[in-house]
Amino acid sequence: MNVYDGQKMADLLKPHGYALTEIPDDADVAILNTCHIREKAEHKVFSDLGRLQVVKKNRKDSGDNDHDMIIAVGGCVGQAEGEEITRQAPYVNMVFGPQSYHRLPEMLAQVEQKVKGKRRKVIDTEFPTISKFDSLPKSDETPISAFLSIQEGCDKFCHFCVVPYTRGAEYSRPAKAILDEAKHLLKIGAKEITLLGQNVNGYHGQGLDGSEWSLGRLIYALAELDGLKRIRYTTSHPLDMHEELYNAHRDVEMLMPFLHLPVQSGSDRILDAMNRKHNVAEYLNIIEKLRNARPDIGFSSDFIVGYPGETTADHQATLELVKNIGYAQAYSFKYSPRPGTPASILQTQVPDDIKSSRLAELQDLINIQQLKFNQLMIGRTLEVLFDRDGKLPGQVLGKTPYMQSVTLDGDSSLFGNLLRVNIKHGHGNSLSGERI
Ligand code: SAH
Ligand code: SF4
């Protein structure tokens, strides 16, 4: 979602004369598009700010007063910390949140004007009453595999999570706006679209016929668009799985047979404490329904280890669940107490060394499963969408339906095509094979 937002920020600023640069030293404006989900991500913001401060100072010391760098903090750290950021890092000129970045051109115009040689500070962390989506411009360029935000925010309030506070309440874009954006992305070269939302399968936007559409219904409509080869959606919540979505998995061939469906823990006690509102049996039931709808489907998940009160038995239950499902891949994190969330003030915090050893144990298991899953592909023919250069010259890189990376000898003429590859080897993080 931050990648999508970042692209939109660039699109917003382009008509105002700004172009992207990869080099901080060249930048007139540096925007950190930040994440607040775990403490580590937040720390990174402050260390990156420290580095930008040096660039800003060097430029000032060199006497280039016309191009002093404007530094902005956007995204969820901006939303959560607001003015506190400019107190801790006074050289920051602008702070804004994930729902107010459509006002970036105005904010920038205010900061650009100097009053007695000094820049004004702008802080904009209000949640607007009219959705930012109504003000976002169309992109001129798109990757072959494009993101499209369809839903944002969250009303679920899991006890560990800051998202409902930083991204705000749940909002679903109308289907017309989504289909228009999808058509535009296809026109400028996208072949795969990943629908984005914090709880994307909780999507309930206004449909073309005026009725409320589910994600399943929306996927059927997207599948009709000319030129689209693949559809994905992320991230889903188990509670929001619904009949039309199971049916879409059954009926829509271009809906990829791969689903990121985070479960967080394999212990009912912990799921309850996390306020996830479902148990392990219900999750397994969803997995089974999806497998019935699309027998070749693969899964990934997120896990949190060391949630307050987690015992060895709870942790073992998570390992059991992982073994039981056989994930294609999974992300796992040590529980990170986040300010303002109910779990952060519990007295039963798990010591960091225990969290670390549980994380290592879980990640070892996940890595083994991922390798096994990749090796299952040996001898199969998979369709791969090549979309970028490989690490070595003369190589291109693509993704299988299961998001596995495949490298092939070739050049950019292969980009955008679904090519059939006979898989010869399955490695930990990639596959290799021969084009048919
Ligand atoms: N809406 C999605 C998750 C969005 S947050 C869902 O409900 O599944 C992405 C992931 O970050 C979560 O799945 C969770 O595993 C992790 N996460 C969120 N808050 C966390 C915290 N306080 N500590 C550690 N991991 C966290
Ligand atoms: Fe956070 Fe996801 Fe829970 Fe919402 S459903 S509070 S985004 S973990």
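The values are calculated or read from the model by the stated rules, or taken from the named source; none is laboratory data. Here the structure is a predicted model, which is why all the values come from computation and not from measurement. Neighbour counts run over all protein chains shown; Cβ positions are idealised from the backbone, glycine included. Side chains included, ligands, DNA and RNA excluded: accessible areas come from the protein's heavy atoms. Shrake-Rupley method; radii C 1.70, N 1.55, O 1.52, S 1.80 Å.
List of remarks:
- Looking at the stretch 51-119, the trypsin sites (Lys or Arg not before Pro) that sit in a DSSP loop and have at most 11 other Cβ atoms within 10 Å of their own Cβ are LYS116.
- Amide H partners (placed H, <5 Å) of GLY410, local residues excluded: GLN395, VAL396
- Of the peptides 221-231, 265-275, the ranking by mean beta-carbon count within 10 Å, highest at the top, reads 265-275, 221-231.
- Percentage, to the nearest whole number, of Cα pairs in the stretch 132-375 over 29 Å apart: 34
- log₁₀ of I(q)/I(0) at q = 0.12 Å⁻¹ - the stretch 381-435, Debye sum with one point per alpha carbon: -0.20
- Using alpha-carbon coordinates, inclination of helix 39-61 to the longest axis of the chain, degrees: 30
- For the chain, the longest principal axis of the C-alpha atoms and the axis of helix 2-13 are separated by about 40°.
- Crossing angle, helix 352-375 versus the chain [Cα axis fit, 0-90 degrees, rounded to tens]: 60
- Solvent-accessible area of the chain (1.4 angstrom probe, protein heavy atoms only): carbon and sulfur portion equals 51 percent.
- Once Rg and the Kirkwood radius are both taken over the C-alpha atoms of the stretch 1-93, their ratio Rg/Rh works out to 0.96.
- Rounded to the nearest 500, the 222 nm mean residue ellipticity of the chain from helices alone is -10500 deg cm²/dmol, with -39,500 (n - 2.57) taken per DSSP H run of at least 4 residues.
- A 1.4 Å probe over all protein chains sorts TYR246, TYR220, TYR91 by accessible area into TYR220, TYR91, TYR246, starting with the largest.
- Ranked by the mean number of other Cβ atoms within 10 Å of their residues, highest first, the peptides 14-20, 93-99, 425-431, 255-261 come out as 93-99, 255-261, 425-431, 14-20.
- Legend: calculated FRET efficiency, LEU376 to GLU243, from the Cβ-Cβ distance at R0 = 30 Å, rounded to 0.05, equals 0.55.
- Listed pairs LYS372/LYS424; LYS229/LYS399; LYS156/LYS355; LYS191/LYS399; LYS40/LYS399 exceeding 21 Å between Cα atoms: LYS156/LYS355; LYS40/LYS399
- By the Cβ-Cβ criterion of under 4.7 Å, the unpaired cysteines of the chain are CYS35, CYS76, CYS154.
- Under 20 Å from the Cα of LYS121 - aspartates and glutamates, other chains or at least 8 residues apart: ASP28, ASP48, ASP66, ASP68, GLU81, GLU83, GLU84, GLU106, GLU112
- The tail of the calculated P(r) for the chain beyond 35 Å holds 36 percent of all Cα-Cα pairs.
- Straight Cα distances below 17 angstrom link LYS57 to the lysines LYS118, with same-chain residues fewer than 8 positions distant left out.
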